[in-house]
Each structure stands twice: as C-alpha cells, then as structure tokens.
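Coordinate-derived values only; no laboratory data. What you see is a predicted model, and the numbers here were worked out from it, not measured in a lab. Virtual Cβ from ideal backbone geometry, glycine too; neighbours counted across all protein chains shown.
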Amino acid sequence: MTHGTLSLLAQTGFPASMAQATLAHYVVVSLLMFVIGLIGFLTRRNLIIMFLCTELMFQAAGIALVAFGRFHLDYTGQTFVIFVLTVAAAEASMALALIVLLFRRKESLSAEDWQELKG
C-alpha cells in the first residue's frame, strides 16, 4: 500500500486514526516506565532488581514504538518491537544464567560484591 492509500483509508475510518492526545498518553506512560526503570537500575545493587529494571526499560521503548507506529499508520514500529522482544528474551536467558553462576560463586546477589571484575 502506498502512503496515499493509507491516508485515504485513515480518512474513511479504517483503521480509525489515533488522536494526538492519545499518542501523548502512550508516550507519557512509556516515559514514566523508562524513568522508573532507569532510576531503579541506578539506585539498586541487587542483580535481579537491576535485570528487572532493564526489562522495564525495554518494555517502555516497545510501547513508544507501537504507539508511534499506530499514530502514523505504519507497521514498522510493531515490526521493530518483535526484534526488540527477541533480543530481550535472549538477554533475559543470558542474564539469568549469569546471575545463577555469580550466586553460586559468592552466594550474594549484590553488585558491589563483584566490583573487582572492573578492569
């Protein structure tokens, strides 16, 4: 479909166009989720909490991508979210495996116990 066809479909109500205020609501929710995740990541020292805050930031970015894609009647945002979710799933499995390995070595989930790994 061309851009003109999408605009014509949007004007006829198929799919119904998203209002600018609705887009703003999604962006505000996405921003709040991202800020909560960022603050949690920077202030907490527990590896699992840091991992969950990273996942929260991934989901916030996904909400923003879907909202902008829907607003512009373009499926690129939704397609990109599929790739972000795939990367997040791979990151989740690797992070959890690393957390289990680190816990077995020192029996602690505090990031401060692993400061000597900086190098």
Practice item. Considering every residue within the stretch 40-51, establish whether at least one is surrounded by 15 or more Cβ atoms within 10 Å (Cβ to Cβ) and either within 10 Å of the chain's Cα centre (by Cα) or farther than 30 Å from residue 109 by Cβ (or both). Key: no
Practice item. Starting from residues that are over 13 Å from the mean Cα position of the chain (by Cα) and of a type outside the set (D, E, K, R), keep the ones in the stretch 69-84 and report whichever is farthest from residue 24 (Cα to Cα). Key: 79
Point to revise | Per-region count, the stretch 90-110, residues exposed (fewer than 15 other Cβ atoms within 10 Å of the Cβ) and over 19 Å from the mean Cα position of the chain (by Cα) | key: 11
Check your understanding: Only one of 87, 66 is surrounded by 15 or more Cβ atoms within 10 Å (Cβ to Cβ), under 17 Å from the mean Cα position of the chain (by Cα) and on the phi < 0 side of the Ramachandran plot; which?
Key -> 66
